[in-house]
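Structure record follows, encoded as structure tokens.
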Amino acid sequence: MKLSELSDRAGTPAATIKYYLREGLLAPGHPVTATRSSYDDAHVTRLRTIRTLRHAVGLSVAQVRDVVRLIDAGVDRIEVLKALQAAVQRLDPPQPGRTAAGNRVVAALGWPDVPTGARGALDAHLEAMTELGVAPSAARLEAYARAADEIAIVDIADAVEATDLEDLVVRTAVGMHMNAQLVQRLLALAQASRSIMQYGQAAQGPGLLSRSGDRPRRPAPGE
């Protein structure tokens with residue numbers, strides 16, 4: 001297909017396609033003449049992958065390039081998942097567990113006790129909560145972890161059904177970003193609903209802090 005046809009099928013402007021070609025996100029077309037190339041379904045699929053990573057997830061061009069290079073190299077799925085999680089969730093390099101609370105919950109859930117960026121992020125958050133004097137109890141942390149594990153089981157089951165690395169990236173990127181936001185919205189709704197059930201209909205409507213006179217004060221510098 002011509003560039004114009006590729007643009008129509010992928011829903012991507014021709015100028016943007018040319019930019020992706022220059023940046024190495026999209027493989028060159030098949031030469032037809034000295035000035036014209038032909039494109040195929042693989043290009044359509046790649047453009048949809050790029051669009052998901054760029055616009056649905058918000059990755060930079062450089063981050064997208066790193067991901068698609070892994071796809072093109074045909075690396076193991078676990079390597080693609082690790083790289084994608086690090087990019088989407090902005091994780092630091094893998095770290096071993098360093099908090100007692102984190103170690104306990106990993107053991108309680110039977111999760112692999114291995115260094116990961118996610119493990120480091122959890123420990124950093126637990127340390128921040130402890131410093132503020134609001135560390136979660138062991139029971140609360142385990143309850144949260146078990147709920148998260150159920151969500152992860154659903155997400156990984158969806159990833160397992162991916163037909164190839166391209167499909168895996170799209171499914172996983174959506175799961176790590178859009179579905180994570182969906183979980184946050186559902187949690188907010190659950191908390192609001194439970195509040196109404198606990199305290200009655202008066203709990204409906206805007207929260208107290210949403211009133212103009214009750215907005216929280218911004219901390220002064222140094223607070």
Checklist line | Relative contact order %, segment 48-144, counting alpha carbon pairs below 8 Å whose residues are six or more apart | finding: 21
Checklist line | Average accessible surface area per residue within the chain, 1.4 Å rolling probe, Å² | finding: 65
Check: How many percent of the accessible area of segment 36-104 is carbon or sulfur, using a 1.4 Å probe?
Finding: 49
Next item on the list: In square nanometres and to one decimal, what's the mean projected area of the convex hull around the Cα atoms of segment 66-189?
Entry: 8.2
Next item on the list: Please identify every one of the trypsin sites (Lys or Arg not before Pro) in segment 1-86 that sits in a loop by DSSP and has no more than 12 other beta carbons within 10 Å of its own beta carbon.
Entry: ARG36
Notebook entry, point to check: Relative contact order of the chain: what whole-number percent is it, with Cα pairs under 8 angstrom and at least 6 residues apart?
Noted result: 16
Item checked: Label-point separation in nm, ALA14 to ALA34, each point 7 Å along Cα→Cβ -> 2.0
Check: Convex hull volume of the Cα atoms in the chain, per residue, in Å³?
Finding: 205
Next item on the list: Could you state the angle between the C-alpha long axis of helix 100-109 and the longest principal axis of the C-alpha atoms of the chain, as a value from 0 to 90 degrees rounded to the nearest 10?
Entry: 70
Checklist line | Calculated diffusion of segment 1-78, Stokes-Einstein form, Kirkwood radius summed over Cα pairs, 10 °C and 1.306 mPa s, µm²/s | finding: 122
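The values are calculated or read from the model by the stated rules, or taken from the named source; none is laboratory data. What you are looking at is a predicted structure, and each value in this text was computed from that prediction instead of being measured. With ideal geometry, Cβ positions are generated from the backbone for all residues, glycine too; neighbour counts draw on all protein chains shown. Note: accessible area is taken over every heavy atom of the protein model, side chains too, but ligands, DNA and RNA are not part of it. Shrake-Rupley method; radii C 1.70, N 1.55, O 1.52, S 1.80 Å.
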